[in-house]
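Peer 1: One structure, as structure tokens, below. Some questions next.
The values are calculated or read from the model by the stated rules, or taken from the named source; none is laboratory data. Only a predicted model underlies this, so the values are computations on that prediction, with no experimental measurement involved. Note that we place each Cβ from the backbone using ideal geometry, even for glycine, and neighbour counts take in every protein chain shown.
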Amino acid sequence: MSTAVMALLASVVGLLSGAAGTLLHQHWWGLALALVAGIATLGWLPPGVVRLAFAVGWCLAVARGAVERPAGGFLVASDAAGWSWLAASFVLLLAALATLRSGATARRGSGSSRTPYLDSPRGEEPQEH
């Protein structure tokens with residue numbers, strides 16, 4: 001499956017998970033369940049664009065719940081649960097951004113973790129004597 005398709009699916013899952021958490025975060029068990037699910041999913045997804053797409057989808061749903069609804073009121077209240085929900089969502093996004101580069105280097109790597117020898121003019125291993 002291509003990375004673009006996986007990123008699209010991850011963003012949809014993030015959007016739905018963030019929306020569910022936004023609706024349930026006022027209950028202690030809803031906040032805990034949503035945070036554990038988000039952290040577990042973020043850890044399970046490969047680093048890079050797919051992980052970032054999940055976090056962006058999650059944060060879009062949370063941000064939508066934090067702005068005023070047309071009928072008035074907010075889904076994310078200005079209380080301990082609401083601020084915890086917003087802060088945890090921001091940390092989730094930061095974690096995805098922090099691991100974005102590690103996904104790019106893992107794909108571009110040659111598969112070898114050996115470093116060239118600095119004493120050799122061409123970066124070769126020294127000959128065994």
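Peer 1: Please determine whether any residue of the range 50-62 is within 19 Å of Met6 (Cβ to Cβ), in contact (Cβ under 8 Å) with a residue 12 or more places away in the chain and in contact with a Lys or Arg (Cβ under 6 Å, 6 or more places away or on another chain).
Peer 2: No, the conditions are met nowhere in the range 50-62.
Peer 1: Given the conditions (1) of a type in the set (A, V, I, L, M, F, W, C); (2) out of contact with any Gly (no Cβ under 9 Å at 6 or more places or on another chain); (3) surrounded by fewer than 21 Cβ atoms within 10 Å (Cβ to Cβ), report the number of the one that Ala66 does not fulfil.
Peer 2: (2)
Peer 1: Would you mind finding the one in Val12, Val76, Val50 that is surrounded by 18 or more Cβ atoms within 10 Å (Cβ to Cβ), at pLDDT 90 or above and among the β-branched types (Val, Ile, Thr)? Give the derivation first.
Peer 2: Working: Val12 fails: surrounded by 18 or more Cβ atoms within 10 Å (Cβ to Cβ); Val76 fails: at pLDDT 90 or above.
Result: Val50 is the single residue among Val12, Val76, Val50 that is surrounded by 18 or more Cβ atoms within 10 Å (Cβ to Cβ), at pLDDT 90 or above and among the β-branched types (Val, Ile, Thr).
Peer 1: Okay, next question. Across the range 84-120, which residue is nearest to the chain's Cα centre (by Cα) among those that are farther than 28 Å from Ala7 by Cα and either surrounded by 10 or more Cβ atoms within 10 Å (Cβ to Cβ) or at pLDDT 60 or above (or both)?
Peer 2: Across the range 84-120, the extreme among qualifying residues is Pro116.
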